[in-house]
1. Using alpha-carbon positions, what is the distance between the centroids of region 107-138 and region 180-251, in Å?
2. So what is the relative contact order of region 120-265, in percent, for Cα pairs below 8 Å that sit 6 or more residues apart?
3. By the gyration tensor of its Cα atoms, with a ≥ b ≥ c the square roots of the eigenvalues, what is the shape of region 120-265: rounded for a/c under 1.5, prolate for a/b over b/c, or oblate?
4. If contacts are Cα pairs under 8 angstrom and at least 6 residues apart, what is the relative contact order of region 8-114 in percent?
5. Cα axis of helix 118-154 to longest principal axis of the chain: angle in degrees, 0 to 90, nearest 10?
6. Rounded to a whole number of µm²/s, how large is the Stokes-Einstein D of the chain at 20 °C and 1.002 mPa s, given Rh as the Kirkwood radius over C-alpha pairs?
7. Per 0.36 nm of contour for each residue apart, how much would the distance between A23 and A150 grow if the chain were fully extended, relative to their Cα-Cα spacing?
8. So if R0 is 41 Å, what FRET efficiency would F158 and K244 give, r being the distance between their Cβ atoms, rounded to the nearest 0.05?
Amino acid sequence: MLAGGLLGAYCLSEPSAGSDAAALRTRAVRDESAGWVIDGTKSWVTHGGVADFCTVLARTGDEGRRGITAFLVPGDTAGLTAARPERKMGLKGSPTAQLAFDGVRIADARRIGDEGQGFTIALSALDSGRLGIAACAVGLAQAALSETLAYVTGRRQFGRPIADFQGLRFMLADMATLIEAGRALYLAAARLKDAGLPFVRQAASAKLFCTDAAMRITTDAVQLLGGYGYTADFPVERLMREAKMLQIVEGTNQIQRLVIARHLVGPESR
């Protein structure tokens, strides 16, 4: 996998369990051979249908987060099938599809961690993944700024480059500032993780800030390119479509705000 020879898939979300991941219904039950049988449906699976293996979160106990266990399922296991890939507005470099588990049998050796520990494992993966999404957002925003700079310095109106106009310069300055701030924020969170220190709140802040910044920057990039920005002949329209997805994956940005607030003031009252 590290060499790029294998693709993995992460199977947490379901048709009725998105942000409320603890409500998942895919179930794994023990069979007579001391293994497990998995039944259910997973949604929004990156590499769905082409992955060599899947990390699957399934219910093995009571309702709630404590009844969930993680499993490693080979992609060619009998009973595992993929639906037609989703027709997405962006992220077309990899397929996203539902996976159906119909009597999928695996050995107990394919269980990850202890029984009932799956939700903790899932959240840990999401915490680290948010740093990766933040980094993707900063790189995407940087690409949008670079494309914009190349255009505004070459495009001439009223006898001079449009980069000479103060209104455009202010937009460029804001774009560059957001990128620098986002880069510093996600690197600071990553350093905490590397040092073995708590980083959950910082990762959520980085994902929230960087992806919102990428959405604003790519939208401004389209605006600064004018009509050309709205065409597929220039890359900024694609960057804007990609940025939208980054605000959704690894927990929506509304969920990031909940995570940050819980670390500041504790869980909500019931």
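1. Taking the Cα centre of each part, region 107-138 and region 180-251 sit 21 Å apart.
2. In percent, rounded to a whole number, it is 32.
3. It comes out prolate by the Cα gyration axes.
4. 31
5. Approximately 20 degrees, to the nearest 10.
6. After rounding, the answer is 104 µm²/s.
7. My answer for the length gained is 40.9 nm.
8. 0.75
Every number in this text was worked out from the coordinates using simple rules, so none of it is lab data. Here the structure is a predicted model, which means the values were calculated and not measured. For neighbour counting, all protein chains shown are included, and Cβ atoms are generated from backbone atoms with ideal geometry for every residue, glycine included.
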